[in-house]
């Protein structure tokens with residue numbers, strides 16, 4: 001009997017520890033700023049994610065929506081932004097304010113099968129900052145709104161709550177802005193999860209940063225930075241850049257035109273030199289041609305007046321063939337290179353002598369034709 005009681009006691013202790021371990025899955029709070037990526041851990045995951053199911057219960061949904069069913073993504077609005085990690089965690093890209101809410105990780109044996117482990121809850125809180133003006137400039141009063149989107153709605157700023165979630169505005173040096181600062185007006189609306197910052201912008205506020213931080217149990221969990229971009233500064237910067245671009249384009253165009261002008265002048269100078277050299281060559285050729293024609297005329301005339309004995313001593317090709325010798329003399333005027341036709345001021349003499357062998361004197365003949373034209377200068 002004592003042994004049986006001892007065994008029963010050991011069984012109760014083991015069962016108690018098992019139940020305590022199963023029910024001891026803590027709820028998780030995840031804080032993220034809008035536009036970032038987030039990873040939600042599944043604390044009751046098994047080694048195989050084929051049994052993992054993720055449910056989402058948000059402010060805009062009347063019932064829970066199944067995002068992951070037994071390790072597979074479901075066709076939902078956020079289907080493209082969801083993925084299942086190797087450790088069965090739920091990954092969401094590009095978080096928006098509509099993604100805040102409660103996420104539940106479950107483990108099932110199959111469709112309609114028994115649940116293997118208790119649910120693991122993850123509460124996603126999204127921090128977002130907005131401005132009262134889209135275009136801002138120096139001298140304008142601007143209000144920045146910092147809001148924490150949560151589901152279920154947590155009690156922000158409640159020092160009694162065990163969660164102790166608070167919102168703060170800090171400057172770019174990390175110093176917390178308080179209501180005692182005369183330049184800044186820090187206020188909270190009826191919703192304690194919204195905190196606003198109002199200030200009048202100065203010229204030196206361009207590119208200045210203000211940051212909204214959320215703390216959970218006195219630890220900073222997330223923050224969103226707002227950078228002041230003055231539209232006047234942006235316009236002046238754009239105008240300066242535009243002016244510089246115009247000046248560069250005008251300068252480059254002027255340099256190109258100057259280079260083109262220099263190149264044109266060089267080409268023109270070279271063409272003039274070539275044309276001048278060509279004219280000189282033509283003139284020299286003309287003179288040389290006239291001189292050669294004149295010399296040819298003199299030589300032909302001399303051969304005409306040469307003695308018969310000298311003509312006989314230089315046999316021609318015709319003597320070897322026909323026994324007839326022809327001698328032609330042509331006199332060309334010096335002005336022929338300048339004119340294409342014979343004018344009335346030219347004197348042309350044609351002479352031809354034909355003869356046979358000395359033995360046959362009857363075949364020897366000579367004729368001289370002279371054409372005289374009046375000279376008209």
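Values in this text are rule-based calculations from the coordinates and carry no lab data. These numbers were taken from a predicted model, which means no experiment stands behind them. FYI the Cβ positions are ideal-geometry reconstructions off the backbone, even for glycines, and counts take in every protein chain you see.
Values computed for the structure shown
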item: Normalised contact order of region 132-229, rounded percent, pairs of Cα under 8 Å and 6 or more residues apart; result: 32 percent
item: Paramagnetic reach from residue 245 (point 7 Å along Cα→Cβ, amide N under 20 Å) across region 111-146; result: none
item: Net length gained if the chain between residue 183 and residue 109 were fully extended (0.36 nm per residue, minus Cα distance); result: 20.6 nm
item: Translational diffusion coefficient (Stokes-Einstein; Kirkwood radius from C-alpha pairs) of region 78-235 at 37 °C, 0.692 mPa s, in µm²/s; result: 180 µm²/s
item: Residue exposure sequence - 133, 79, 47 - by fewest surrounding Cβ within 10 Å; result: 47, 79, 133
item: Order of 281, 31, 145 under a 10 Å beta carbon neighbour criterion, fewest first; result: 281, 145, 31
item: Residue order, fewest to most surrounding Cβ atoms within 10 angstrom, among 264, 210; result: 264, 210
item: Surface/4 of the Cα convex hull for region 25-127, nm²; result: 6.1 nm²
item: Region 53-160 - percent relative contact order, Cα under 8 Å, separation 6 or more; result: 21 percent
